[in-house]
1. Does region 40-52 hold any residues that are touching a residue at least 12 places away in the same chain (Cβ under 8 Å), over 14 Å from Leu87 (Cβ atoms) and not in a strand (DSSP E or B), and which are they?
2. I'd like the full set of residues that are among the hydrophobic types (A, V, I, L, M, F, W, C) and either in a strand (DSSP E or B) or touching a Cys at 6+ places or on another chain (Cβ under 8 Å) (or both), limited to region 78-98.
3. Could you list all residues from region 57-74 that are loosely packed, with under 12 Cβ neighbours inside 10 Å and assigned to a loop (DSSP other than H, G, I, E, B)?
4. So which residues in region 1-20 are part of a helix (DSSP H, G or I) and exposed (fewer than 14 other Cβ atoms within 10 Å of the Cβ), if there are any at all?
5. Mind telling me which of the residues Val95, Val46 ends up being farther than 18 Å from Arg108 by Cβ, under 14 Å from the mean Cα position of the chain (by Cα) and surrounded by 12 or more Cβ atoms within 10 Å (Cβ to Cβ)?
6. Looking at Arg37, Arg101, which is the one that is under 14 Å from the mean Cα position of the chain (by Cα), surrounded by 11 or more Cβ atoms within 10 Å (Cβ to Cβ) and not in a strand (DSSP E or B)?
7. Hey, Met23 hits all of (1) at pLDDT below 95; (2) buried (at least 16 other Cβ atoms within 10 Å of the Cβ); (3) more than 24 Å from Lys78 (Cβ to Cβ); (4) aliphatic (A, V, I, L, M) but one; which does it fall short on?
Amino acid sequence: MKFLLLIHNNAEALEQYTHEQLMEMSGGREQVAATARELRDSGELVSIVNLGEPTASKELQFVGGTPVISDRPLLETKEYLAGALLLDCASFERVVELAARIPLVEFRRVEIRPVLATEDDFYAELDQS
């Protein structure tokens, strides 16, 4: 079963720490890389996405068929989507185990959503039509 883990950062909770402190608290680059390699090699880690800060976001709306682009973040909130993991796991319980290993998880909110279709499913359906 595939699951998408949406990782939300709380900027206010993290701003009190330096980059070096955050890396140390997450176990360091080597630990993060070792965990990622382990999950990749097991086949459980399908994909990973690290997103830029919300200040780099653009908001797009279509008004009367015309695209309107704004530089402001979509939401005025302290919490923002920081990244995502696509996992292929045997059970929901396994996904929860892996979510607990996300660096700095105690400062983040992790949303777990079942994946109904992947790009392979989408392309297979396209080929059939």
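The values are calculated or read from the model by the stated rules, or taken from the named source; none is laboratory data. Source: prediction; values computed, not measured. Neighbour counts are summed over all protein chains in view; Cβ atoms, including those assigned to glycine, are modelled from backbone coordinates with ideal geometry.
1. Leu51
2. Leu81, Ala82, Ala84, Leu85, Leu86, Leu87, Val95, Leu98
3. Lys58, Gly64, Gly65, Asp71, Arg72
4. Within region 1-20, Glu12, His19, Glu20 qualify.
5. Among Val95, Val46, only Val46 is farther than 18 Å from Arg108 by Cβ, under 14 Å from the mean Cα position of the chain (by Cα) and surrounded by 12 or more Cβ atoms within 10 Å (Cβ to Cβ).
6. Result of the check over Arg37, Arg101: Arg101.
7. (3)
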